[in-house]
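> Questions regarding the structure given below will be posed in turn.
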Amino acid sequence: MIPLIKPFIPPKEKLLPRLEQVLYSGYIAEGEATYEFENRLSQLIGNLYCLTVNSGTAALHIALTLIGVGPGDEVISTALTAEPTNTTIALTGAKVVFADVDIGTGLISPDSIEANISVRTKAIMVVHYAGMVCDMNRINAISEKHNLPVIEDAAHAFMSKYRGQFVGNNSPYTCFSFQAIKHITTVDGGLLCLKNEEEYLRAKKLRWFGLDKKVPRLLADITEAGFKYHMNNVNAAIGLVQLECIEENVHRYIENGKFFDENLKNVTGVTLLPYYEDTEPSYWLYTMKVDRRNNFIKMMTENGVSASPLHLRNDRHSVFKAPLGTTPNLDVFYDSFVHIPCGWWLTEADKVKIFELMKHGW
Ligand SMILES: *Cc1c(COP(=O)(O)O)cnc(C)c1O
C-alpha cells in the first residue's frame, strides 16, 4: 500500500554518528546542537527570529501567549485542520470562532474571517492545510485594517512560499511542526518564527519557565511564568541531519505535486484546487475534489493507494461546539475532498500508477 504519510529518517551512516556524539557528549539538554539547528533554520527560511520548541503545539501556545489571548477573547480559526490548531486556543480560555473556508480550496475564507470579527476578536489563526498557502494577500489586508495579529499554522507548509519567500517571513507568528509525519521530523519538535527582537526574546524565556538562559540560575529572576517547551540537543541533532536532506525531499513533494497538477487536470470526476496569487505550495499531501468520493477511495485502496481525508473537522468535537450551518462552504468541501500521497516515498512508477488508475475511472 502506498501510504498517505510516512516519516523520513535519514540513512543510518549519516544519522547515527551524529546522534551518538550528542548522546554521549554529557550535554543532551538545550545547548549547542539546538542553537546550531536554530541558526540553520533561520538561514534556510531567511528569518533571524526563529525559535525551536518541542512541538508545533508548543509554538502555537507560545504565539497565543505572546498576543495575550485569554478568557473572554475570541480567536477566528478554521475547522479544517489538525486539532492542536484549536485546542491550543481553547487552552488559553479563549473561544474558537470558526470561519468558513473558500469553496475552491478548503482554506480559510478571508470574507468569512472579516464577517466573524467582533469586539472580542484578539487574533486570526490561519492554516496552510496540506501545504497549500492561504490567501495571504487578503488576510494581510484584513489584519492591517482591523489591527489583528495573524498566526500562521504552517505545520504542513515547511518550504511553501508566499511572495517568493519561504513561509515564516510574513505574519508576526508562524508555527511549524517537526512531528513524525511532517516534511521534516526531529521525532517531535517545532519552530516559532517571529518578526521582531522584543517578541523573540520574550518567547525565548517563555519556552523555558520564564528564565533567561544567559543569566546564571542563582541570579535569575522570573518576571513572567513560562512553559517547558524548549527543544533538546538530541532532537536537534536529528534535525541537523534532516536539514542535509530537506531540500531534496521537499523538491520531491513539489515535483510530485506538479505532476498531479499537470496530469490530473483533464481526468473526469476530478476538480483540482487553485492556488492563490503569490503562493507556492510544498504539497505535503495532494488534495483535490472528486465525484463519488466513497467509490474513489474504495477503488484507490483496492489498488494499493491510500486515499482519504486526514482530520475530523474540528467543529465536530464537543469542546468546540460550533453552531450548525455557519460554514456552508466547509459543509460542501468536507464531503468532496480527498488526499492522495505526494511525498518523497513515491517512485516514478507509483505516480504513473496513480494517474492511470484515476484515468481509468471509479
Ligand atoms: C501536526 C500539526 C500541529 C501540531 O504539531 P505537533 O508538533 O504535533 O505538536 C499543528 N497544526 C497542524 C495543522 C498539524 O498538522
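> Take the conditions buried (at least 17 other Cβ atoms within 10 Å of the Cβ), touching a residue at least 40 places away in the same chain (Cβ under 8 Å), hydrophobic (A, V, I, L, M, F, W, C) and out of contact with any Phe, Trp or Tyr (no Cβ under 8 Å at 6 or more places or on another chain) and apply them to ILE113. Does it pass?
In short, no.
> Restrict the check to segment 341-359 and report whether at least one residue is more than 22 Å from the chain's Cα centre (by Cα), under 24 Å from THR85 (Cα atoms), surrounded by fewer than 18 Cβ atoms within 10 Å (Cβ to Cβ) and not assigned by TED's automatic domain parsing to the domain that holds GLN179.
no
> Still on this model: Of the numbered conditions (1) in a loop (DSSP other than H, G, I, E, B); (2) outside the structural domain of HIS311 (by TED's automatic domain parsing); (3) in contact (Cβ under 8 Å) with a residue 12 or more places away in the chain, ASP212 satisfies every one except a single condition; which is it?
Result: ASP212 fails condition (3) only.
> Just give me the residues in segment 293-318 being part of a loop (DSSP other than H, G, I, E, B) and within 16 Å of the ligand (Cβ to nearest atom), in sequence order.
PRO309, LEU310, HIS311, LEU312, ARG313, HIS317
> Is there a residue in segment 35-46 that is outside any helix (DSSP H, G or I), touching a residue at least 24 places away in the same chain (Cβ under 8 Å), at positive phi and surrounded by fewer than 18 Cβ atoms within 10 Å (Cβ to Cβ)?
There is at least one residue in segment 35-46 that is outside any helix (DSSP H, G or I), touching a residue at least 24 places away in the same chain (Cβ under 8 Å), at positive phi and surrounded by fewer than 18 Cβ atoms within 10 Å (Cβ to Cβ).
> When you scan segment 179-229, how many residues do you find that are of a type outside the set (Val, Ile, Thr), more than 16 Å from the ligand (Cβ to nearest atom) and out of contact with any helix residue (DSSP H, G or I) (no Cβ under 9 Å at 6 or more places or on another chain)?
Summing the residues that are of a type outside the set (Val, Ile, Thr), more than 16 Å from the ligand (Cβ to nearest atom) and out of contact with any helix residue (DSSP H, G or I) (no Cβ under 9 Å at 6 or more places or on another chain) in segment 179-229 gives 18.
> Checking ARG163 against (1) within 30 Å of ASN137 (Cβ to Cβ); (2) within 16 Å of the ligand (Cβ to nearest atom), only one condition comes out false. Which one?
The single condition ARG163 does not satisfy is (2).
> Need the failing condition index for THR185 against (1) in a helix (DSSP H, G or I); (2) touching a Pro at 6+ places or on another chain (Cβ under 7 Å), just the number.
Every listed condition holds for THR185 apart from (1).
> Working only within segment 249-276, note down all residues that are in contact (Cβ under 8 Å) with a residue 60 or more places away in the chain and part of a helix (DSSP H, G or I).
ASN249, VAL250, ARG252, TYR253, ASN256, GLY257, PHE259, PHE260, ASN263 - these are the residues of segment 249-276 that are in contact (Cβ under 8 Å) with a residue 60 or more places away in the chain and part of a helix (DSSP H, G or I).
> Still on this structure, please answer the following. ALA90 - would you say it is over 21 Å from ASN169 (Cα atoms), modelled with pLDDT of 95 or more and outside any helix (DSSP H, G or I)?
In short, no.
> Within segment 99-111, can one find any residue that is over 27 Å from PHE333 (Cα atoms) and away from the ligand (no atom under 15 Å from the Cβ)?
There is no residue in segment 99-111 that is over 27 Å from PHE333 (Cα atoms) and away from the ligand (no atom under 15 Å from the Cβ).
> Residue check, LEU192 against (1) part of a helix (DSSP H, G or I); (2) surrounded by 24 or more Cβ atoms within 10 Å (Cβ to Cβ), all met but one. Which one?
The failed condition is (1).
> Now a separate question. Among the residues of segment 132-160, which ones are within 16 Å of the ligand (Cβ to nearest atom) and either touching a residue at least 40 places away in the same chain (Cβ under 8 Å) or not in a strand (DSSP E or B) (or both)?
MET132, VAL133, CYS134, ILE151, ASP153, ALA154, ALA155, HIS156, ALA157, PHE158, MET159, SER160
> Would you pick out the residues in segment 51-82 that are farther than 17 Å from PHE176 by Cβ and either within 8 Å of the ligand (Cβ to nearest atom) or not hydroxyl-bearing (Ser, Thr, Tyr) (or both)?
Answer for segment 51-82, where residues must be farther than 17 Å from PHE176 by Cβ and either within 8 Å of the ligand (Cβ to nearest atom) or not hydroxyl-bearing (Ser, Thr, Tyr) (or both): ILE67, GLY68, VAL69, GLY70, PRO71, GLY72, ASP73, GLU74, VAL75, ILE76, ALA79, LEU80.
The values are calculated or read from the model by the stated rules, or taken from the named source; none is laboratory data. Keep in mind that this is a model prediction, so the values were computed, not measured. A quick note on method: Cβ atoms are made from the backbone with ideal geometry, for glycine too, and the neighbour counts reach across all protein chains shown.
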